[in-house]
Amino acid sequence: MPMTSTSGGIHCGHHTEPSRNDAPPVDRLTSESYSNEQALVSLAEAEGFEKNRRRSLWNVYGPATDAPAELSLALVERQLPEYCRRCKNRLSSAMNLLSPDDETYMRMALREAEKAFEAEEVPVGAVIVHDGQVIARAYNQVELLNDATAHAEILAITQASAQLQDWRLVEATMYVTKEPCAMCAGAAVNTRLGRLVFGVTDPRSGAAGSAIDITGFSGMLHNVPVVSGVLQEECLALLQKFFNQQRSAEK
């Protein structure tokens with residue numbers, strides 16, 4: 001985060017990894033498909049915390065079980081009407097936000113992340129799409145440029161604004177392999193980004209709903225619609241590979 005493929009997140013700025021105990025709330029957008037009876041369970045699974053997180057959820061909100069999908073939504077609603085109402089609203093929003101092209105563009109972002117990996121940078125990549133066209137591609141270049149702000153998202157936003165000759169990216173979507181940090185989430189808000197899609201969550205320092213929610217904070221001048229979990233396993237695997245190599249090199 002030792003990390004597993006279900007740990008759900010990586011800290012981006014330094015070679016540190018969040019623990020499983022730092023998991024974000026389950027009430028958030030994801031790219032999973034949901035049935036009514038599995039709504040709460042799928043929300044937890046989409047964050048990659050699987051049985052441990054599900055057991056914790058049902059210990060708090062209902063009977064502990066290894067097969068929570070058998071618990072009907074009606075029963076949960078009787079126990080938690082307000083929580084379930086919010087969940088169903090989030091699920092509806094998620095389905096409206098998802099695009100059939102999300103995986104295609106996320107794979108492009110993953111190719112950028114692979115470039116960062118080859119350069120021994122933390123492997124995060126980003127692309128920005130406007131009107132069906134990719135207008136920016138970037139990957140982390142903090143070490144290369146000796147610039148702590150040279151995250152993939154910042155570089156991509158700069159490219160996109162130059163391409164459009166407009167600092168506002170209201171009709172653009174940014175795809176990034178890892179949940180943005182506070183700096184990058186703030187940049188997405190300031191540039192009025194139309195939509196943010198990311199792969200793996202960052203429970204320790206993610207600022208798009210995990211550790212904090214800059215993109216959805218009500219006091220901001222702009223809120224960015226967010227979808228998470230697109231190609232999560234592939235994005236996580238690349239980050240894990242990088243950190244495993246870093247640990248091996250330090251021995």
Charged-residue dipole, Cβ positions (Lys, Arg, Asp, Glu), segment 119-251 about Cα centre, Debye nearest 20
120
Expressed as a whole percentage, what fraction of the accessible surface of segment 122-205 belongs to carbon and sulfur atoms when a 1.4 Å probe is rolled over the protein heavy atoms?
47
Can you order the peptides 151-161, 187-197 by their average number of other Cβ atoms within 10 Å per residue, highest first?
151-161, 187-197
Figure the gain on full extension for Q246 and T149 (residue separation times 0.36 nm, minus the Cα-Cα span) and round it to one decimal in nm.
32.8 nm
Give the relative contact order (percent, whole number) for segment 130-200; include only Cα pairs under 8 Å separated by 6+ residues.
30
Over the heavy atoms of V142, what accessible area does a 1.4 Å probe trace out, to the nearest 10 Å²?
40
Calculate, for segment 132-179, the solvent-accessible area per residue in square angstrom, rolling a 1.4 angstrom probe over the heavy atoms of the protein chains.
50
Kindly provide log₁₀ I(q)/I(0) values, in the same order as q = 0.11, 0.15 Å⁻¹, from the Debye equation applied to equal alpha-carbon scatterers of segment 97-200.
-0.27, -0.52
Local electrostatic count, T149, Cβ distance below 14 Å [Lys/Arg +1, Asp/Glu -1]:
-4
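Would you tally the net charge around V124, using a Cβ to Cβ cut-off of less than 11 Å, leaving V124 out, and scoring K and R as +1, D and E as -1?
-4
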Considering only the other residues whose Cβ falls under 9 Å of the Cβ of A185, what net charge follows from Lys and Arg at +1 and Asp and Glu at -1?
-3
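The values are calculated or read from the model by the stated rules, or taken from the named source; none is laboratory data. Fair warning: this is a prediction, and the values are worked out from it, not measured in the lab. Backbone-built Cβ (ideal geometry, glycine too); neighbour counts: all protein chains shown. The protein model used for the area step is the full one, side chains on, heavy atoms only, and it has no ligands, DNA or RNA in it. Shrake-Rupley method; radii C 1.70, N 1.55, O 1.52, S 1.80 Å.
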